[in-house]
Each structure stands twice: as C-alpha cells, then as structure tokens.
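Just below is one structure, and these are the notes that go with it.
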Amino acid sequence: MVGKVSANDRMVIAVSFDQPGMAVRRLDGSYRGFDVDVAKFIANELGVKEQDITWKEAQPGNRETLLTSGEADMVVSTYSITDKRKEIVDFVGPYFVAGQDLLVRMNESRIEGPKSLNASLRLCSTAGSTSAAYVKDQFAKDVNLVEYAKFSDCVTALLANNVDAVTTDDVLLAGYAAQNPELLRVVGDPFSKEEYGVGLRRNDPASKAKVQAALQKMIDSGAWRESLEVNIGSSGYKIPDPPKLAP
C-alpha cells in the first residue's frame, strides 16, 4: 500500500454503502458515517486528500478478496477482527468495540434475546458475516436462517414481515432503528464482543505502522469521539470509551 500511496498520492478504500451511522453512500454520491471518517482521517495522515480517494463497496462476503486481489488498499467496514481472517489479511485496531444484538419489529413480543429464537422464527443476516453462525452455534441451533447480500435487505425483509429478526452488531442496528423509530427497535441484550479493525494486505509492516499511528492520533485528538457523536449520537446509542489499539 505504501508504494502505491507514495507514488500516486491516491488510495482505493472499501467501505459499506448501506450502514446508517457507519458508512452510507448518499444520493448525491457522497459518503458519510463513522467508518468513512476513520478512512478519511487515515488517508489524510498518509498524505492522501479526500478528493484522491476512490471509494469501493465492501460487502461482508467480499472484504478479504478486495484486499488480496489488490482491488482495495484498505477496508474500513465494521470489519470484525478474527483469527480466521488474520490468516488472510492484516488488521490494525480495534478502533471500535461493538456487541452483537437483535433488531425486531416494535410490536415483537416473542424475542427477548438470542435464546428466544427457535425453529418457528426467521433470523436474517448477511452472507459472509459471522453473526448468524454465532447465534446458531451458541444459542439457537434450530433457528431458520435467511441470508441476503446486504444488511439493508434484511431490514427491508423485517419491515415486510418476511423475517422476524435481524442480527449484527448493536451499533449498526441502532442506525437502522433510528431510520425507522416507530417501527423497529433493538432488543438491547448484547451477547458478543466484536472488535472492528482496519483491513490491510498482509506482510506490509510499514503500512501497518502508519495506519496504527493515524488511528491513535484520531483517538487522542478527540476526532474519534466527535465523529461518533455526529454519526450515531442521535440514535440513543451509548458511545463507549475508545479502545486500546493492539500493538
């Protein structure tokens, strides 16, 4: 990544296009959200201006491929750090720690947490995410899983009564609930710990060190908290203290 950045002063950064509060592509073609702010802050610290960033869509199922194929220099997309993923890509972080939860319709009375899920209920998540598999393995092995490419498709299905719950990280679900406050709610019983990292191609320690320094500066300067307050504060989500970056 460093070679490419230093040679061209440009970067290709992959973010989600449909995660309210975290990363959304707006109708005017601009991008907004906490992950977008993280990506722009890092790029700026690496000498890349915002207008020289090419944004690419990251989906849960294609994030590793974007990096290994060279299509993206960096992935900032609510990308949970796991041992399995670390075999394929490098991470810097965590820059945010979330907890997995459930999104349901406002009048839903059957679901009080993951243990409430059973074979008569339909749980939606995205292909390539770890969320649904975790629920099935740990809490509700009989639950009926439904998968879509994007979380926004799961939310549409929930509003249309085609699924009964959506599972992913609480900060994402809060964003969707804020968009539909009279129709949807977060159960509010987080049951996992999801550490978000910045995804990079492997075996480039110079790049990793620069991204690490940029993230630490964002946290120390107050820009980290300010971005969270702007992007998800209105949802009622309690903004946590910044995490300690792994060495």
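Throughout, read-outs are computed from the coordinates displayed, never taken from laboratory work. A quick note: this is a predicted structure, and the numbers were derived from the prediction, not measured. So basically every Cβ, Gly included, is an ideal-geometry build from the backbone, and we count neighbours across all protein chains shown.
So what's the gap between the Cα centers of the range 111-154 and the range 31-61, to the nearest angstrom?
30
Give the residue list of chymotrypsin sites (Phe, Trp or Tyr not before Pro) in the range 36-80 that are DSSP loop and have at most 16 other beta-carbon atoms within 10 angstrom.
Working: sites: Phe41, Trp55, Tyr79; in loops: Tyr79.
Answer by residue number: there is no such site.
Around Ala157, what is the net charge, scoring Lys/Arg as +1 and Asp/Glu as -1 over all other residues with Cβ under 15 Å from its Cβ?
-2
Quick one: if you take sqrt(5λ) for each eigenvalue of the C-alpha gyration tensor of the range 103-199, what semi-axes come out, biggest first, whole angstrom? Please list the in-between numbers first.
Values: eigenvalues 62, 56, 35 Å².
For the range 103-199, the ellipsoid semi-axes come out as 18, 17, 13 Å.
What's the percent breakdown of Cα-Cα distances in the chain across 5 Å bins, shortest bin first?
1, 7, 14, 19, 19, 16, 12, 7, 4, 2, 0, 0
Which angle between 0 and 90 degrees, to the nearest 10, do you get for helix 205-221 versus the longest principal axis of the chain when only C-alpha atoms count?
The helix 205-221 is inclined about 70 degrees to the chain.
Once both axes come from the Cα atoms, what is the angle between helix 170-179 and the longest principal axis of the chain, in degrees from 0 to 90, rounded to 10?
Long axis of 170-179 versus the principal axis of the chain: about 70 degrees.
Mind checking the angle between helix 223-232 and the chain's longest principal axis? C-alpha axes, 0 to 90 degrees, to the nearest 10.
On a 0 to 90 degree scale, this one is about 30.
Can you tell me which of Thr130, Thr78, Thr156 moves the most in a GNM of the chain? Springs connect C-alpha atoms under 10 Å apart.
Maximum fluctuation in the GNM of the chain, among the listed residues, is at Thr156.
Net charge around Glu64, counting only other residues with Cβ within less than 13 Å of its Cβ (Lys, Arg = +1; Asp, Glu = -1)? Can you show the working numbers first?
Values: positive: Arg63, Lys84, Arg85, Lys86, Arg201, Arg202; negative: Glu71, Glu87, Asp90.
Charge balance in the 13 Å sphere: +3.
Would you look at the GNM of the chain, springs on alpha carbons closer than 10 Å, and say which of Lys208, Lys40, Lys49 moves the most?
Lys49
Which residue, Val187, Val12, Val230, has the most motion in a Gaussian network model of the chain that connects Cα atoms within less than 10 Å?
The residue with the greatest mean-square fluctuation here is Val230.
Suppose the chain between Arg202 and Asp241 were pulled fully straight at 0.36 nm per residue; how much longer would it get relative to their current alpha carbon spacing?
Between Arg202 and Asp241, full extension yields an extra 11.2 nm.
Can you tell me the mean projection area, over all orientations, of the convex hull of the range 108-161's alpha carbons? Units nm², please. Write out the running numbers ahead of the final one.
Working: hull surface 14.2 nm².
Computed as one quarter of the Cα hull surface, the answer is 3.6 nm².
Looking at the range 78-118, which GluC sites (Glu not before Pro) are in a loop (DSSP not H, G, I, E or B) and have at most 14 other Cβ atoms within 10 Å? All intermediate terms of the calculation are to be shown ahead of the outcome.
Details: sites: Glu87, Glu108, Glu112; in loops: Glu87, Glu108, Glu112.
Those satisfying the criteria are Glu87, Glu112.
Using 0.36 nm times the number of residues separating Lys86 and Leu27, minus their current alpha carbon distance, what extension gain do you get? All intermediate terms of the calculation are to be shown ahead of the outcome.
Numbers: separation 59, 0.36 × 59 = 21.24 nm, distance 3.44 nm.
In short, 17.8 nm is gained.
What does a probe at Asp9 reach in the range 49-83, counting residues whose amide N is under 19 Å from the point 7 Å along Cα→Cβ?
Under 19 Å, as judged by backbone N against the label point of Asp9, lie 49-55 of the range 49-83.
Per Stokes-Einstein, at 37 °C and 0.692 mPa s, what whole-number D in µm² s⁻¹ belongs to the range 33-74, with the Kirkwood radius over Cα pairs as the hydrodynamic radius?
Numbers: Rh = 11.1 Å.
Answer, rounded: 295 µm²/s.
Compute the relative contact order of the range 1-133 as a whole-number percentage, counting only Cα pairs closer than 8 Å that sit 6 or more residues apart in sequence. Intermediate results must be reported in sequence, preceding the final value.
Numbers: 151 pairs, mean separation 31.8, N = 133.
This gives 24 percent for the range 1-133.
May I ask for the Kirkwood hydrodynamic radius of the range 63-139, worked out over all distinct Cα pairs and given in angstroms to one decimal? All intermediate terms of the calculation are to be shown ahead of the outcome.
Details: mean 1/r = 0.0667 Å⁻¹.
Radius from the Kirkwood sum: 15.0 Å.
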